[in-house]
Amino acid sequence: GAVVSQHPSRVICKSGTSVKIECRSLDFQATTMFWYRQFPKQSLMLMATSNEGSKATYEQGVEKDKFLINHASLTLSTLTVTSAHPEDSSFYICSATTTGSEQYFGPGTRLTVT
Amino acid sequence: GQSLEQPSEVTAVEGAIVQINCTYQTSGFYGLSWYQQHDGGAPTFLSYNALDGLEETGRFSSFLSRSDSYGYLLLQELQMKDSASYFCAQGDTGFQKLVFGTGTRLLVSP
């Protein structure tokens with residue numbers, strides 16, 4: 001149990017375009033979802049915390065207008081990278097949790113902006 | 001912000017025992033988790049300590065000392081498949097809002 005999926009697994013987009021990444025909890029209802037970014041050979045950095053039905057809470061230094069997060073249901077959160085630039089190329093990982101449980105991580109999405 | 005420090009790389013041979021250390025900041029500390037991540041993959045949960053002492057899960061054990069703001073992950077009977085990156089992570093309330101450590105790359109050789 002406790003499976004989290006992400007779609008797409010890899011995406012290449014052109015500079016200036018937007019890309020949407022989906023995160024789904026497949027067999028449980030996630031009260032909270034988290035979005036992380038990981039650059040090569042670096043640690044996971046928390047970008048934002050998303051609770052169903054409310055606005056996401058962004059970490060310091062993360063542009064909320066650039067990284068749009070929507071958590072419309074207890075099983076789906078989306079991250080939209082708007083006006084993507086090459087420096088946004090990274091590995092984006094989501095996780096999902098219910099109250100008091102561990103975080104269950106998705107397989108990640110590799111974004112390449114050309 | 002919070003920071004958790006780990007050695008950048010550890011090397012060992014198959015069958016050996018290796019310890020990966022993690023020092024953390026006490027501000028908002030609730031518990032220490034450990035994750036394994038293979039290249040290009042998702043982090044997978046290994047162990048969690050909320051209280052001082054040792055938690056054992058098969059070949060993996062994790063230790064926490066709150067008074068020293070320190071923990072470690074112990075891997076026994078190393079196998080080639082254990083070559084991966086290992087991260088400690090500090091949670092503010094249970095598993096909410098994890099802050100990850102700098103990460104340790106473990107290389108296991110024959």
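The values are calculated or read from the model by the stated rules, or taken from the named source; none is laboratory data. Worth saying up front: this structure is predicted, and the values here are computed from it rather than measured. Note that each Cβ is placed from the backbone with ideal geometry, even for glycine, and that neighbours are counted across all protein chains shown. Side chains are part of the model used for accessible areas, which takes the heavy atoms of the whole protein and leaves out ligands, DNA and RNA. Shrake-Rupley method; radii C 1.70, N 1.55, O 1.52, S 1.80 Å.
In region B:79-110, burial by the other protein chains removes 30 Å² or more of 1.4 Å probe accessible surface, compared with the chain on its own, from B:PHE87, B:PHE95, B:GLN96, B:LYS97, B:LEU98, B:PHE100.
Once both labels are modelled 7 Å past Cα along the beta-carbon direction, what's the A:SER15-A:GLU87 spacing in nm? Label at A:SER15, label at A:GLU87, 1.2 nm between them. Distance between the 7 Å Cα→Cβ label points at B:ASP39 and A:ASP27: 3.0 nm. All other residues with a Cβ under 10 Å from the Cβ of B:LEU107 taken together, and with Lys, Arg as +1 and Asp, Glu as -1, what is their net charge? Neighbour charge sum, excluding B:LEU107 itself: -1.
Given a 1.4 Å probe, how much area per residue of chain B is accessible, in Å²?
Working: 4970 Å² over 110 residues.
Per-residue accessible area for chain B comes out at 45 Å².
Here the dipole of chain B is about 180 debye; that uses its Cα centre as origin and unit charges on the Cβ of Lys and Arg (positive) and Asp and Glu (negative).
Comparing the full protein assembly with the isolated chain (1.4 Å probe, heavy atoms, ligands and nucleic acids excluded), the residues of region B:6-51 losing at least 50 square angstrom of accessible area are B:PRO43.
Tell me, what is the per residue accessible area of region A:9-114 in Å², probe radius 1.4 Å? Don't skip to the answer; put the middle values down first.
Values: 5170 Å² over 106 residues.
Here the per-residue accessible area is 49 Å².
Here's the list of lysines a cross-link from A:LYS14 could span, going by alpha-carbon distance under 19 Å and ignoring same-chain residues fewer than 8 apart: A:LYS66. For region A:35-49, heavy-atom accessible area (probe 1.4 Å) falls by no less than 40 Å² from the chain alone to the full protein assembly at A:SER43, A:LEU44. Each chain gives up part of its surface: A and B jointly bury about 1400 Å² of accessible area, both sides summed, for a 1.4 Å probe. Paramagnetic label reach from B:VAL13 (point 7 Å along Cα→Cβ; backbone nitrogen cut-off under 20 Å): within region B:76-110, residues B:76-84, B:106-110.
Give me the percent of the accessible area of chain A that comes from carbon and sulfur atoms, probe 1.4 Å, all protein chains in place.
Details: 2850 of 5580 Å².
Answer for chain A: carbon and sulfur cover 51 percent of the accessible area.
What a 1.4 Å probe finds exposed on region B:1-109 is 49% carbon and sulfur by accessible area, rounded to a whole percent.
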